[in-house]
Amino acid sequence: MKFTFHLMRTERMQVVFILLFVLVSLFLTIRFVVLPQRELSDNNRMVREQLEGSRYASLSITNMQAIANHESSSLRVLSNEWARIAERLSTFPNQKTLQSASINRIDYKVQLYEIRQRLQTKSGELKIQLMPTELGLDEALTSGDAIRVRMLQLKAVEKLADLTLDRQIQRLVEIYPLPPVEHKDKKGRKVFEEYPVRLECDVDFEHLFTFFQSVFEENQVFVFRNLRIESGPTFDSKLRVKAILSALLFE
């Protein structure tokens, strides 16, 4: 009798364990097989519906290739147009060389000295007073990046000083560079740099007009950031022009 009772008890425990095993197996199957498959099926259905609703769904491979060729052609046209605009609006004709040239402190100091001397000589020959003999630039440099920026500032100052002297201003009162300004696209890529220069000079009406014309000529374009025209300090100096003009350097 005891043996029979023990046997029945053992069989019941086995049944309980089997039921527990089945329940656990069923839970794991649902959790790790059925639910992921259902989720994958839902995702596939959403992707299929999106593809079916796409405007390219009904296009053949040939039509899609034609569209791709058209887009590529449009990109080339826009790229060429941008290159022409950048070339037209650049202040320096050799902007690629300025961007890639290796410059050290000695190069900068030599060029600064030579440009100062040349502009002094030029102003003397033209009998135009060049008051800011230092051009707003010094020889103190702290890093490699500063050398490149300072050299480009020097080139912008030189270009603008030459423009004013060539247009027969009466007196160059002040000229010095301001910190450069970077312009970036929506992706954070640099598109072009702006090198502003503060300028103050005395000039008559006729030569002021020719100066305005000259800053829009190719390879010497300057953008006006600020402009103020006042009466000159003397009878001979008809107008006092105070302006900030920027040289543009495209990538």
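Only one of the listed residues (ASP138, ASP162, ASP145, ASP107) is over 16 Å from LEU249 (Cβ atoms) and at pLDDT below 80. That residue is ASP138.
Quick grid of which residues meet (1) part of a helix (DSSP H, G or I); (2) over 28 Å from the mean Cα position of the chain (by Cα); (3) surrounded by 17 or more Cβ atoms within 10 Å (Cβ to Cβ):
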{"residue": "VAL110", "(1), (2), (3)": "yes, yes, no"}
{"residue": "LEU152", "(1), (2), (3)": "yes, no, yes"}
{"residue": "LYS159", "(1), (2), (3)": "yes, no, yes"}
{"residue": "GLU182", "(1), (2), (3)": "no, no, no"}
{"residue": "PHE192", "(1), (2), (3)": "no, no, no"}
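ARG171 passes every criterion in (1) under 26 Å from ALA86 (Cα atoms); (2) touching a residue at least 60 places away in the same chain (Cβ under 8 Å); (3) crowded, with 16+ Cβ neighbours inside 10 Å apart from (1).
The values are calculated or read from the model by the stated rules, or taken from the named source; none is laboratory data. These figures come from a predicted structure and were not determined experimentally. Neighbour counts run over all protein chains shown; Cβ positions are idealised from the backbone, glycine included.
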